[in-house]
Amino acid sequence: MVNKIKMSIIEKGIITDIKQISGDIWDMTVAASQIARNSKPGQFVHVKVNNGFKPFLRRPLSIGPVNGDTLRLIFLVKGGGTQILAKKNVGEEIDMIGPLGSAFRMPKKDEFPIFMAGGIGIVPLLFLDDCLTNDIQRLFLLGLRSRSFSTVSDDELNKRSIYVSSDDGSIGFKGNVIELLTEQLDNNKLINPIIYSCGPGIMLAKLKEFCEMRQIPAYVSLEVPMGCGVGACQSCAVPKADGDGYYLVCQDGPVFDASLVNLNHGELP
Amino acid sequence: MIVNANVRMGDIELRTPLLTGSGTFGYGSEFEDLTDYSALGGIVTKSLSFEPRAGNPPPRICETSSGGIINSIGLANVGIEEFLGSKVNELPLDKTEVFLSVVGDSVEDFTKVVERLEDVERIAGYELNVSCPNVKRGGLSLGGDREAVTAIVREVRALTKRFISVKLTPHYTLIAPVAQAAVDAGADALTLINTLVGMEINAETRKPLLGNITGGYSGPPLKPVALAKVWQAAQVVDVPIWASGGIVNGIDAIEFLLTGATALQVGSVLFADPKAPTRILNEMIQYCERHNVDSFTDLIGGLRT
């Protein structure tokens with residue numbers, strides 16, 4: 001519902017790089033000029049992981065940093081589909097529909113952007129981070145279970161000055177990312193914060209509560225099981241906060257004003 | 001060799017036998033950037049009800065370990081008022097034939113919707129969805145009742161001269177009597193089949209994968225079931241059959257023509273491959289070239305038994 005953009009295409013991208021970041025996290029760079037050049041942070045691509053129909057559905061993946069004609073897809077191997085993706089090699093083709101869905105709205109001049117990622121939810125925020133000019137101050141937070149589950153390289157953490165929390169204290173702040181956010185907000189007395197977030201349902205639900213309590217605007221990027229990706233099948237429903245039906249993540253989202261969606265205490269579809 | 005792709009059904013000529021399956025192609029504009037409509041003979045829209053329906057609680061879609069997918073959308077749609085106010089303008093009337101799918105919980109629901117749609121110009125016809133597995137009242141139970149099917153078709157027939165296809169469930173013990181009843185009541189065609197009722201669970205979490213627990217099973221595993229229903233119905237009715245169930249390539253499509261179908265609906269495959277109509281059409285033409293068949297129509301009912 002934010003900066004809604006239409007016009008999507010099917011493009012066969014070429015994998016130019018693929019590497020493992022940690023156990024189940026892979027970082028793939030794909031040359032796909034038309035999608036890359038038209039993408040906005042927050043949008044996604046709908047990826048066909050192989051030829052044929054096993055698995056049957058495409059996989060929606062957030063668009064990571066874009067560099068000219070290439071885009072990065074960083075993904076977590078969750079099941080059969082992403083497992084196939086992780087085994088791809090440089091030079092192989094990858095069939096994508098994109099760019100799809102809504103983008104993050106850019107912060108206004110007087111707003112202080114805070115990026116809050118949970119695990120693999122960092123991907124669209126890396127792209128957003130790149131889209132803000134250097135003179136714009138920002139705060140980038142990443143919550144991890146532990147160092148061994150990191151979703152970005154140490155280089156990237158340093159380069160982007162990302163503050164990390166981990167549940168077990170193996171890297172950065174010991175605790176969850178909401179606690180880290182609270183500490184940063186209170187210690188730095190940030191004026192006019194605006195939060196951009198993507199991560200597990202439970203984290204987003206807690207963030208929504210937190211932001212409503214403190215009256216901080218927040219935008220969340222949601223991930224739910226999806227069919228067509230273009231608003232036709234209505235599979236990717238997420239309940240509206242006012243109880244009046246559903247939004248579609250593929251079309252109205254994936255980026256939503258957190259106050260408009262019911263995150264159901266983190267029990268996302 | 002030029003293969004004639006046209007198929008005729010009464011007064012309607014489709015430039016190809018390929019239609020989109022209801023619920024998989026929205027109201028026809030959602031895929032406009034991705035799908036080449038020239039490969040389609042027509043589209044069948046998302047089912048339209050009199051009142052708006054919010055749909056079922058999510059998750060609404062999952063894959064299954066045996067292939068294919070299960071959905072439980074719950075016929076989410078904007079209802080007739082909003083459809084006539086906005087969505088009607090999105091119909092791709094200049095690009096292809098448009099068949100509007102209609103659903104309801106009662107005979108009156110169907111007639112109220114069709115009455116309003118009669119004012120929409122250039123519509124090729126209706127598909128009456130008497131068989132959706134995802135609504136508690138009506139739907140499957142309504143379509144499971146031969147008397148109810150007869151009543152719905154008869155009442156809608158009395159309202160319109162337009163083409164009517166009736167979409168039936170595969171869950172009848174015998175398809176032939178219901179197929180015959182629909183035709184006797186005035187159906188111009190039959191759509192076979194709607195999805196099978198299915199469910200999938202996660203043994204680790206002991207939870208169902210769908211918010212509605214059960215849903216409609218579609219995709220490649222349905223093809224043998226659909227072939228059997230098309231075959232059985234084709235033995236008893238002489239109206240065109242629109243086959244629907246697991247078509248993902250041109251050979252699947254040809255198989256349904258041979259079994260007795262006149263038109264072929266592509267549905268779930270569009271989620272994976274929005275260009276499927278073009279690909280399937282080309283594969284069908286290649287089959288015809290290989291077998292020296294110069295018209296798709298010549299294949300209809302051509303099964304050798």
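Rule-based calculations on the coordinates, nothing more; no lab input. Everything quoted here is computed from the prediction, not taken from an experiment. No Cβ is skipped: glycine too gets one built from the backbone with ideal geometry, and neighbour counts run over all protein chains shown.
Suppose we look only past 13 Å in the calculated P(r) of the range A:149-200. What percent of the Cα-Cα pairs does that tail hold? Cα-Cα pairs in the range A:149-200 separated by more than 13 Å: 67 percent.
For A:L142, the amide hydrogen comes within under 5 Å of the amide hydrogens of A:A117, A:Y163, A:V164, A:S165, counting only partners 5 or more places away or on other chains and with H modelled in the peptide plane. Summing Cβ point charges (Lys, Arg +1; Asp, Glu -1) relative to the Cα centre of the range A:9-100 gives a dipole of roughly 240 debye.
Loop-located trypsin sites (Lys or Arg not before Pro) in the range B:205-305 (DSSP state not H, G, I, E or B) with no more than 12 neighbouring Cβ atoms inside 10 Å: B:R206, B:R304. Scaled against 2.2 N^0.38 Å for its residue count N, the alpha carbon radius of gyration of chain A is 0.95. Counting only Cβ charges, +1 for Lys and Arg and -1 for Asp and Glu, the dipole size of the protein assembly as shown around its Cα centre is about 720 debye.
Taking a straight Cα-Cα cut-off under 12 Å and skipping sequence neighbours fewer than 8 places away in the same chain, the aspartates and glutamates within cross-link reach of A:K206 are A:E179, A:E267. If you model the range A:177-244 as an ellipsoid using its alpha carbon gyration tensor, with each semi-axis the square root of five times an eigenvalue, the axes come out at 29, 12, 10 Å, biggest first.
Electrostatic tally near A:R37: other residues with Cβ closer than 15 Å to its Cβ, Lys and Arg +1, Asp and Glu -1, net -1.
Take the Cα of B:A228, step 7 Å toward its Cβ, do the same at B:D145, and the gap between the two points is 2.7 nm.
Once Lys and Arg get +1 and Asp and Glu get -1 on their Cβ, which of A:A32, A:V49, A:G91 lies farthest toward the positive end of the dipole of the range A:9-100? My answer, from the dipole projection, is A:V49.
Think of it as helices only: each DSSP H run of n ≥ 4 in chain A is worth -39500 (n - 2.57), and spread over all residues that comes to -5500 deg cm²/dmol at 222 nm. A simple rule links phi to the HN-Hα coupling: the Karplus curve 6.51 cos²θ - 1.76 cosθ + 1.60 with θ = phi - 60°, which for the range A:45-58 gives 10, 9, 9, 8, 7, 7, 6, x, 10, 10, x, 7, 8, 6 Hz, with x for Gly and Pro. Translational diffusion of the range A:64-113, estimated by Stokes-Einstein from the Kirkwood radius over alpha carbon pairs at 4 °C in a medium of 1.567 mPa s, is 92 µm² per second. The calculated pair-distance distribution of the range B:197-275 uses every alpha carbon pair, bins of 10 angstrom beginning at 0, and gives 18, 39, 27, 14, 3 percent. Near the amide H of B:T191, within less than 5 Å, lie the amide hydrogens of B:V166, B:K167, B:L168, B:W242, all on another chain or at least 5 residues away, with H placed in the peptide plane.
Give, to the nearest whole percent, the P(r) tail of the range B:136-249 beyond 20 angstrom, counting all Cα pairs. Of all Cα-Cα distances in the range B:136-249, 46 percent exceed 20 Å. Just so you know, the averaged projected area of the alpha carbon convex hull for the range A:9-100 sits at 5.2 nm². Listed from fewest to most Cβ neighbours within 10 Å, the set A:L100, A:L260 follows the order A:L260, A:L100.
Net charge around B:R162, counting only other residues with Cβ within less than 9 Å of its Cβ (Lys, Arg = +1; Asp, Glu = -1)? Result for the neighbourhood of B:R162: -1. Taking 37 °C and 0.692 mPa s as the conditions, I'd like the Stokes-Einstein D for the protein assembly as shown in µm²/s, using the Kirkwood hydrodynamic radius from alpha carbon pairs. Answer from the Stokes-Einstein relation: 132 µm²/s.
Projecting the Cα atoms of B:V44, B:C62, B:F83 onto the dipole axis of the range B:1-128, where Lys and Arg carry +1 and Asp and Glu carry -1 at the beta carbon, places B:C62 farthest toward the positive end.
If one takes the longest principal axis of the Cα atoms in chain A, at what angle in degrees, from 0 to 90 and to the nearest 10, does the Cα axis of helix A:177-188 lie? Roughly 50 degrees between the two axes. Think of each Lys and Arg Cβ as +1 and each Asp and Glu Cβ as -1; about the Cα centre, that makes the dipole of the range A:112-266 roughly 140 debye.
Counting charges near B:L48 (Lys, Arg +1; Asp, Glu -1) among other residues having Cβ under 12 Å from its Cβ returns a value of 0. By the equivalent-ellipsoid construction on the alpha carbon gyration tensor, the range A:112-266 comes out with semi-axes of 26, 17, 15 Å, ordered largest to smallest.
Each pair of Cα atoms in chain B enters the Kirkwood radius, and Stokes-Einstein at 10 °C and 1.306 mPa s then converts it into a translational diffusion coefficient of 83 µm²/s.
Across chain B, the mean sequence separation of Cα contacts (distance under 8 Å, 6 or more residues apart), normalised by length, yields a relative contact order of 20 percent.
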